[in-house]
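See structure below.
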Amino acid sequence: IYYLLNPFFTSPGSQCFEGNSFDFLAEGFEDQNTQISWNFGEFASPSTSNNLAPQNVSWSETGIHEVNLSMNVTGCEASFTSIIEVVPNPVISFDLFRSEGCPPLTVSFLDSSYAETPITYLWDFGDGSTSTFVNPQHRYEVPGYYDVTLDISTNSGCASNLSMTLEDAVFVYPVPTPGFEIEPNTVNILDPEIEVITT
């Protein structure tokens with residue numbers, strides 16, 4: 001009576017796409033003559049292995065991938081299949097509408113960041129004000145140029161902290177000050193012409 005084959009492996013936790021590297025360990029056999037065969041699929045490097053504990057297996061595509069472990073000893077065969085997940089890295093990006101004008105200037109910010117898991121936001125509008133909304137609006141009261149910074153973070157899946165700054169993203173125009181002078185400011189009826197000079 002041969003040893004019972006009960007192949008299995010513990011699936012590694014999900015990893016970010018950039019730099020993903022998975023380690024595996026075959027379990028569930030007693031006969032040391034057992035032949036082990038791994039199949040990681042077409043997007044994996046390496047795609048197959050006969051090692052007991054393959055190391056540094058990486059995938060060139062994000063998503064859920066099947067991993068198959070097969071064992072063979074003295075004509076007895078058994079296999080086990082499980083999955084691993086390669087999560088896309090978060091991407092940070094944003095845009096803004098009506099980025100210049102007279103005070104008070106209300107600017108709308110549109111987030112286009114991406115992550116597989118929930119994102120936490122922190123906007124810095126450059127004038128001392130901040131927001132944690134996804135797509136905030138902000139009112140600028142004082143003329144000048146303002147840098148806008150967005151920080152995002154994810155705490156699960158592909159956990160990451162990213163920051164993006166647009167320099168001089170907002171321009172609030174200076175408030176015009178009207179003024180003029182009159183020369184001469186005293187005239188007589190014989191020479192009543194004056195010159196108006198804007199200042």
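The values are calculated or read from the model by the stated rules, or taken from the named source; none is laboratory data. Remember, predicted model here, so these are calculated numbers, not experimental data. Note that we place each Cβ from the backbone using ideal geometry, even for glycine, and neighbour counts take in every protein chain shown. Surface accessibility is based on the protein's heavy atoms, side chains included, excluding ligands, DNA and RNA. Shrake-Rupley method; radii C 1.70, N 1.55, O 1.52, S 1.80 Å.
Only one of Thr117, Thr106 is in contact (Cβ under 8 Å) with a residue 40 or more places away in the chain and either assigned to a loop (DSSP other than H, G, I, E, B) or open to solvent by less than 60 Å² (accessible area, probe 1.4 Å) (or both). Can you tell me which? Break it down into steps so the answer makes sense when it comes.
Values: Thr106 fails: in contact (Cβ under 8 Å) with a residue 40 or more places away in the chain.
Selected residue: Thr117, the only one of Thr117, Thr106 that is in contact (Cβ under 8 Å) with a residue 40 or more places away in the chain and either assigned to a loop (DSSP other than H, G, I, E, B) or open to solvent by less than 60 Å² (accessible area, probe 1.4 Å) (or both).
Return yes or no: is Leu122 closer than 30 Å to Ser14 by Cα and either open to solvent by 70 Å² or more (accessible area, probe 1.4 Å) or of a type outside the set (Asp, Glu) (or both)?
Working: closer than 30 Å to Ser14 by Cα: yes; either open to solvent by 70 Å² or more (accessible area, probe 1.4 Å) or of a type outside the set (Asp, Glu) (or both): yes.
Judged against the criteria, Leu122 is a match.
Which one of these is at pLDDT 95 or above, in a loop (DSSP other than H, G, I, E, B), in contact with a Phe, Trp or Tyr (Cβ under 9 Å, 6 or more places away or on another chain) and buried (at least 18 other Cβ atoms within 10 Å of the Cβ): Phe24, Phe29? Walk me through how you get there before you give the answer.
Numbers: Phe29 fails: at pLDDT 95 or above.
After ruling out the rest, the residue left standing is Phe24.
Anything in the stretch 31-61 that is within 28 Å of the chain's Cα centre (by Cα) and of a type in the set (Asp, Glu)? List them, or say none.
Scanning the stretch 31-61 gives Glu42, Glu61.
Of the residues Asp95, Asp31, which is of a type in the set (D, E, K, R) and free of Cβ contacts under 8 Å to residues at least 40 places away in the same chain? Lay out the reasoning, then the answer.
Numbers: Asp31 fails: free of Cβ contacts under 8 Å to residues at least 40 places away in the same chain.
Answer to the check: Asp95.
How about the stretch 94-117: which of its residues are small (Gly, Ala, Ser) and closer than 27 Å to Tyr173 by Cβ?
So in the stretch 94-117, the residues small (Gly, Ala, Ser) come out as 99, 101, 108, 112-113, 115.
Across the stretch 94-117, the qualifying residues are Ser99, Gly101, Ser108.
Is it the case that Gly126 is closer than 30 Å to Ser21 by Cα and either at pLDDT below 95 or out of contact with any helix residue (DSSP H, G or I) (no Cβ under 6 Å at 6 or more places or on another chain) (or both)? Lay out the reasoning, then the answer.
Numbers: closer than 30 Å to Ser21 by Cα: no; either at pLDDT below 95 or out of contact with any helix residue (DSSP H, G or I) (no Cβ under 6 Å at 6 or more places or on another chain) (or both): yes.
Against the criterion (closer than 30 Å to Ser21 by Cα and either at pLDDT below 95 or out of contact with any helix residue (DSSP H, G or I) (no Cβ under 6 Å at 6 or more places or on another chain) (or both)), Gly126 does not qualify.
Where in the stretch 42-103 are there strands (runs of 3 or more DSSP E), lying wholly inside it, with at least 1 residues that are open to solvent by 80 Å² or more (accessible area, probe 1.4 Å), touching a His at 6+ places or on another chain (Cβ under 7 Å) and aliphatic (A, V, I, L, M)? Give the steps one after another, and end with the answer.
On the way: elements: 63-73, 76-87, 94-97.
Ranges flagged: 76-87.
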